[in-house]
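Enquirer: This is the structure I want to talk about, given as structure tokens.
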């Protein structure tokens with residue numbers, strides 16, 4: 001995933017998943033149409049059948065606007081061809097965008113939004129501003145896919161939660177993002193090193209790496225908050241769900257939780273020891289990532305599973321990219337070392353005022369077919385929310401194989417968070433983390449500055465808050 005296009009979170013972070021910016025509410029009020037087949041208020045309707053569950057009109061056009069980030073738009077174009085084959089005479093118009101908010105806010109205001117939107121990227125439309133204008137997509141997941149199976153039965157557990165707001169499935173996140181600490185399996189083995197499971201072990205490995213002229217980590221200015229994602233994941237494993245809930249619910253002392261402080265302290269020790277390659281705050285993030293994947297200046301890089309596809313042209317031959325869980329502080333953490341951050345991302349929405357609401361849902365149904373989901377996994381080297389689409393060899397990708405293993409090892413110990421994306425905090429947090437990783441601030445300052453960002457949102461009465469239980 002491109003950080004400039006979707007800063008971490010794709011994730012709570014760049015998770016996956018929610019809009020990366022909370023924007024000023026759109027002018028005017030548009031009531032949400034009832035969910036179901038039949039299109040928007042100005043659209044035609046067709047006959048409902050097993051092959052046309054939403055009643056899309058014959059020979060109609062679907063207008064889809066897709067965020068063009070690290071995953072491109074060709075995977076939707078692939079599904080568009082399947083859509084056209086399933087509905088002869090109909091057309092899927094797939095348009096790219098790198099600034100969803102700027103391009104589509106006027107269309108929402110004008111009452112003529114697209115029929116399907118991939119509301120992703122750093123310039124996505126804040127969900128809090130358009131929630132009432134989106135269709136409930138429950139009808140989509142309760143429909144049968146092209147293979148005749150009920151869609152919700154073909155999905156990984158928990159993937160609908162990030163797009164559900166106050167009981168409404170407003171967004172269907174298509175990509176299953178696995179967050180991990182990525183490394184070159186061949187590089188570590190060549191040096192006789194193993195992946196550290198605790199931060200003390202990480203520090204000790206950093207000392208060994210320094211003796212060979214290597215660093216533990218690199219970072220780029222647009223992706224400094226990748227280390228926030230890593231820190232939060234580690235803290236949740238150490239301290240349990242109380243850590244996550246404090247952050248999600250914007251608690252006044254959320255960042256002072258002992259588990260978070262212990263992780264920040266460990267990171268501060270690593271920064272002070274010089275185990276981060278200097279200059280990250282002045283380095284473009286893909287250039288920094290290439291220092292890891294191509295030049296092998298550093299051993300590890302925290303990121304979502306888009307990293308292999310994003311760096312496929314700048315990865316050293318024989319690298320054998322592999323993901324590992326982030327370290328815990330102690331061996332007695334509340335969640336096991338194997339616990340991990342994973343979430344569905346790339347949120348697709350169907351505006352209620354689209355001219356062809358039924359068509360937007362139908363194109364989304366085609367995207368959830370096994371054929372389309374397998375195509376995504378094969379071409380993007382990342383899984384979708386659809387199960388059983390990745391072979392044992394991961395299409396030749398060690399990173400994809402490791403994702404499957406990480407998910408299996410974690411079992412039910414998988415978690416995520418939404419507060420960063422939901423409230424648009426990433427931009428301000430980037431400044432704070434770049435300063436910290438540069439060694440120009442300490443743990444106390446990092447904590448204070450992050451809490452100020454949280455407090456500002458909590459105290460802003462114009463921002464709709466989502467309570468997480």
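Bear in mind these aren't lab numbers, they're just calculated from the coordinates by the rules spelled out. Note that the coordinates shown come from a computational prediction; the quantities given were computed from them, not determined experimentally. We place every Cβ from the backbone using ideal geometry, glycine too, and count neighbours over all the protein chains shown.
Enquirer: Once label points are set 7 Å from the Cα along Cα→Cβ at both residue 442 and residue 61, what is their separation, rounded to one decimal in nm?
Expert: Each label point is offset 7 Å from its Cα along the Cβ direction, giving 6.3 nm.
Enquirer: Taking Rh as the Kirkwood radius computed over C-alpha pairs, what is the Stokes-Einstein D of the range 282-408 at 4 °C in a medium of viscosity 1.567 mPa s, expressed in µm² per second?
Expert: After rounding, the answer is 76 µm²/s.
Enquirer: If you wrap a convex hull around the alpha carbons of the range 76-121, what volume per residue comes out, as a whole number of Å³?
Expert: 76 Å³
Enquirer: So for the range 425-469, what percent of the C-alpha to C-alpha distances run longer than 17 Å?
Expert: Across the range 425-469, Cα pairs with separations above 17 Å total 40 percent.
Enquirer: Throw me the Rg/Rh for the range 325-367, computed over C-alpha atoms with Kirkwood Rh, two decimals.
Expert: Expressed as Rg/Rh, it is 1.40.
Enquirer: Could you give the length gained on full extension between residue 287 and residue 132, defined as 0.36 nm per residue of separation minus the Cα-Cα distance, in nm?
Expert: Working it through step by step, the gained length comes to 51.8 nm.
Enquirer: Using only the alpha-carbon atoms of the range 148-225 as identical scatterers, what base-10 log of I(q)/I(0) does the Debye formula give at q = 0.17, 0.18 Å⁻¹?
Expert: -0.82, -0.85
Enquirer: Also, I was wondering about something else. Restricting to Cα atoms and excluding each atom paired with itself, what does the Kirkwood estimate give for the range 385-448 in Å?
Expert: Over the range 385-448, the inverse of the mean reciprocal pair distance is 15.4 Å.
Enquirer: If I take R0 = 45 Å and measure r between the Cβ atoms of residue 102 and residue 331 in this structure, what FRET efficiency does the formula 1/(1 + (r/R0)^6) give, to the nearest 0.05?
Expert: Step by step, r from the Cβ atoms, then E = 0.40.
Enquirer: How long are the semi-axes of the ellipsoid equivalent to the range 99-242, from square roots of 5 times the Cα gyration tensor eigenvalues, in whole Å, largest first?
Expert: Value: 41, 21, 15 Å, ordered largest first.
Enquirer: Tell me, 117, 390 in order of fewest to most beta-carbon neighbours within 10 Å?
Expert: If I rank by nearby Cβ atoms, fewest first, I get 390, 117.
Enquirer: If you don't mind, there's one more thing I want to ask. To the nearest µm²/s, what D does Stokes-Einstein give for the range 230-334 at 37 °C and 0.692 mPa s, using the Kirkwood radius over alpha carbon pairs as Rh?
Expert: Translational D for this selection: 210 µm²/s.
Enquirer: Want the number for residue 189 to residue 45: 0.36 nm per residue separation, take away the alpha-carbon distance, what's left?
Expert: The span from residue 189 to residue 45 would gain 45.8 nm if fully extended.
Enquirer: Suppose only helical runs count, i.e. DSSP H with n ≥ 4. What mean residue ellipticity at 222 nm does that imply for the chain under -39500 (n - 2.57) per run, divided by all residues and rounded to the nearest 500 deg cm²/dmol?
Expert: Here the helix-only value at 222 nm equals -10500 deg cm²/dmol.
Enquirer: Express as a percent, rounded to the nearest 5, the fraction of DSSP beta bridges in the chain (both residues included) that run antiparallel.
Expert: Counting DSSP beta bridges with both partners in the chain, the antiparallel share is about 55 percent.
Enquirer: Given the chain reduced to its alpha-carbon atoms as identical point scatterers, what log10 I(q)/I(0) does the Debye formula return at q = 0.06, 0.08 Å⁻¹?
Expert: One equal scatterer on each Cα of the chain leads to -0.25, -0.45.
Enquirer: Got a sec? Which residues in the range 258-298 would a label at residue 317 touch, if it sits 7 Å along Cα→Cβ and we count backbone N under 20 Å?
Expert: Under cut-off, by backbone N: 290-297.
Enquirer: Still on this structure: How large is the Kirkwood hydrodynamic radius of the range 92-153, counting all unique pairs of alpha carbons, in Å?
Expert: So the Kirkwood estimate lands at 13.5 Å.
Enquirer: Expected output is a single nm value to one decimal: the length gained when fully extending between residue 460 and residue 109, i.e. 0.36 nm times separation in residues minus the C-alpha distance. What is it?
Expert: Value of the extension gain: 124.0 nm.
Enquirer: How high is the relative contact order of the range 162-249, in percent, counting Cα pairs under 8 Å that sit 6 or more residues apart?
Expert: Reported as a whole number, the value is 13 percent.
Enquirer: Find the Rg to Rh ratio for the range 38-185, where Rh is the Kirkwood radius over alpha-carbon pairs and Rg uses the same atoms.
Expert: 0.96
Enquirer: Let me ask something additional. Return the distance in nm (one decimal) between the two label points of a simple spin-label model at residue 435 and residue 388, each offset 7 Å from Cα along Cα→Cβ.
Expert: Once both label points are built, they end up 5.2 nm from each other.
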